[in-house]
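A short write-up of the structure that comes next.
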Amino acid sequence: MINLFKPFEAKRYYSIDRVFRNVAVDRTHLAEFHQIEGLICDRGLSLGDLQGVLLDFFSCLGMSKLHFKPAYNPYTEPSMEIFGLKEMG
């Protein structure tokens, strides 16, 4: 049972997994890829806050140069794609 009188707490959830999609493979799309999803619940947040969390997350993976691109996904709004560069060396 949900306690409606419990004080609100900010939460962060992440999911990292391999995804398969039933599509034709071409030079720009594979049927298998890795997807990272995140959900952050708090008051007064903006898309910029989410981008900051993602910058921190990817910097832990060694990717500090990120590009955020608006994208259309029918089940999430707003949506974006993130492109990162992993510096080898």
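The values are calculated or read from the model by the stated rules, or taken from the named source; none is laboratory data. Keep in mind that this is a model prediction, so the values were computed, not measured. Using ideal geometry, Cβ is built from the backbone for each residue, glycine included, and neighbour counts are taken over all protein chains shown.
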Near pairs, Cβ below 6 angstrom, 6+ apart or cross-chain, from segment 13-27 (touching a residue at least 24 places away in the same chain (Cβ under 8 Å)) to any residue that is in a strand (DSSP E or B): 13/39; 14/38
Scope segment 18-31; condition in a loop (DSSP other than H, G, I, E, B) and among the hydrophobic types (A, V, I, L, M, F, W, C); matching residues: 23, 24, 25, 30, 31
Answer residue from segment 64-89, given it is more than 14 Å from the chain's Cα centre (by Cα) and part of a loop (DSSP other than H, G, I, E, B) and is farthest from residue 13 (Cα to Cα) among those: 89
Matching residues, segment 56-89, being in contact with a Ser or Thr (Cβ under 8 Å, 6 or more places away or on another chain) and surrounded by 14 or more Cβ atoms within 10 Å (Cβ to Cβ): 58
Matching residues, segment 16-46, being surrounded by 10 or more Cβ atoms within 10 Å (Cβ to Cβ), within 15 Å of the chain's Cα centre (by Cα) and modelled with pLDDT of 85 or more: 16, 19, 41
Residue under evaluation residue 77, criteria (1) of a type in the set (D, E, K, R); (2) at pLDDT below 85; (3) in contact with a strand residue (DSSP E or B) (Cβ under 8 Å, 6 or more places away or on another chain), criterion not met: (3)
Selection within segment 32-63 - farther than 17 Å from residue 16 by Cβ, free of Cβ contacts under 8 Å to residues at least 12 places away in the same chain, in a helix (DSSP H, G or I) and not charged (D, E, K, R): 48, 52
Residue list for segment 1-39, restricted to those being of a type in the set (D, E, K, R) and touching a strand residue (DSSP E or B) at 6+ places or on another chain (Cβ under 9 Å): 9, 11, 12, 17, 18, 21, 32, 37
